[in-house]
1. Hey, among Ala148, Ala109, Ala173, which residue is of a type in the set (Gly, Ala, Ser) and more than 24 Å from Glu228 (Cα to Cα)?
2. What residue, of Arg65, Arg44, is assigned to a loop (DSSP other than H, G, I, E, B), modelled with pLDDT of 90 or more and open to solvent by less than 70 Å² (accessible area, probe 1.4 Å)?
3. Say we look at region 175-192 and pick out the residues that are open to solvent by less than 10 Å² (accessible area, probe 1.4 Å) and closer than 30 Å to Arg98 by Cβ; which of these is farthest from the ligand (Cβ to nearest atom)?
4. Of the residues that make up region 272-290, is at least one away from the ligand (no atom under 16 Å from the Cβ), small (Gly, Ala, Ser) and surrounded by 14 or more Cβ atoms within 10 Å (Cβ to Cβ)?
5. Could you figure out which of (1) more than 16 Å from the ligand (Cβ to nearest atom); (2) open to solvent by less than 40 Å² (accessible area, probe 1.4 Å); (3) outside any strand (DSSP E or B) isn't true of Arg111?
6. Of the residues that make up region 5-24, is at least one within 16 Å of the ligand (Cβ to nearest atom) and either in a strand (DSSP E or B) or charged (D, E, K, R) (or both)?
7. Identify all residues within region 28-41 that are away from the ligand (no atom under 16 Å from the Cβ) and either outside any helix (DSSP H, G or I) or aromatic (Phe, Trp, Tyr) (or both); write none if there are none.
Amino acid sequence: MSTTNEMTPPDLATLQARAAQRAADRAGGADRLRGHLVCDGLVRIYKTEGVEVVALQGLDLVVDRGELLAIVGASGSGKSTLLNILSGLDVPTAGIARVGDYDLLTMKAGRRLSYRRRMVGFVWQQTGRNLLPYLTALENVLTPMKLAGTRSGRAARQRAYELLEMVGVGYCADRRPDQMSGGEQQRVAVALAVANDPEVLFADEPTGELDESTAADVFTALQTINAELGVTVVVVTHDPNVSTQVRRTVAIRDGRLASEVRRSARATADGGTELVSEEYAVLDRAGRMQLPSSFVQELELKDRVKLNLESDHVEVRRG
Ligand SMILES: Nc1ncnc2c1ncn2[C@@H]1O[C@H](COP(=O)(O)OP(=O)(O)OP(=O)(O)O)[C@@H](O)[C@H]1O
């Protein structure tokens, strides 16, 4: 367990409580918060020219309604594969993947379309992929509402302005993407992604092309959307700063969940706020867990280890 004294906002506990309250309001009661996204034994095998790549090999993950979750992992560990499946762009090979009432394995084309239109919003890493270059920020945010016919005229414009204000780029309403910085464009992309009230927002490396301070603004926009609208947010990131601004970060290794960091704020004796991080290894239903690679290297563990059951812990020794 590590502790750091962090005096700077935002207060993660308050943000999370507000997001959970909004999410419960949307879903019709706090009892519907559990298990908004559920993956169980999720497998995705790619076959190219006779070669099989197992991108996800039995991944288990539960995300609650209104949660803001960061997913980290080395390149090739399966993060994008997971996000593509959860956003309905790709179909898993086996296992369970469910978001709300949608079964992502078995849903037919029509239901998949409705899932992608109504349930999810997406922010890509490449700013150019999120916005139409010849439209202003306001027109970009209006576009999904026009296409879906959810709101029109004045109501749509009002919502678009509100969302742009909410993510801190109201002043960019009349600018085209080439008249905005990368961070401003990504914040407009966040507003656009939630224009049609999706239940879940996915972001794949949304700050990957930005410098540190601009990246922080984009992440604040994701936090605000999560807290104010109660949208469940799942963000894939390499950015170590981002992953310390959320209550839960999960790490994927070789297509499985390997570890999880949970953070909570608590009051200190001197009246300050202390952020407490606790790291856990993830134990799946078959009893499997991954040892951190640093532990494996430090003790030169390989091939097999000896396990001893003690009264309150399990000891792992070189075999
Ligand atoms: N369409 C595809 N066809 C074949 N193999 C693929 C395909 N997409 C991904 N893979 C492989 O699946 C594995 C997981 O890839 P994925 O893109 O999910 O990883 P990632 O963690 O998102 O990596 P990065 O951080 O580099 O984006 C990798 O070995 C990758 O080469």
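1. Ala109
2. Values: Arg44 fails: assigned to a loop (DSSP other than H, G, I, E, B).
Result of the check over Arg65, Arg44: Arg65.
3. In this case the residue turns out to be Ala191.
4. Yes.
5. (2)
6. No: zero hits.
7. Gly28, Gly29, Leu33, Arg34, Gly35, His36, Leu37, Val38, Asp40, Gly41
To keep it simple, each residue is scored yes or no on (1) among the β-branched types (Val, Ile, Thr); (2) within 16 Å of the ligand (Cβ to nearest atom); (3) touching a His at 6+ places or on another chain (Cβ under 7 Å); (4) not in a loop (DSSP other than H, G, I, E, B).
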site: Thr214; (1), (2), (3), (4): yes, no, no, yes
site: Thr220; (1), (2), (3), (4): yes, no, no, yes
site: Gln223; (1), (2), (3), (4): no, no, no, yes
site: Thr249; (1), (2), (3), (4): yes, yes, no, yes
site: Glu260; (1), (2), (3), (4): no, no, no, yes
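The values are calculated or read from the model by the stated rules, or taken from the named source; none is laboratory data. All values derive from a computational prediction rather than experimental measurement. Every residue, glycine among them, receives a Cβ derived from its backbone with ideal geometry; neighbour counts consider all protein chains shown. What goes into the accessible areas is simple: the full protein's heavy atoms, side chains included, and nothing from ligands, DNA or RNA. Shrake-Rupley method; radii C 1.70, N 1.55, O 1.52, S 1.80 Å.
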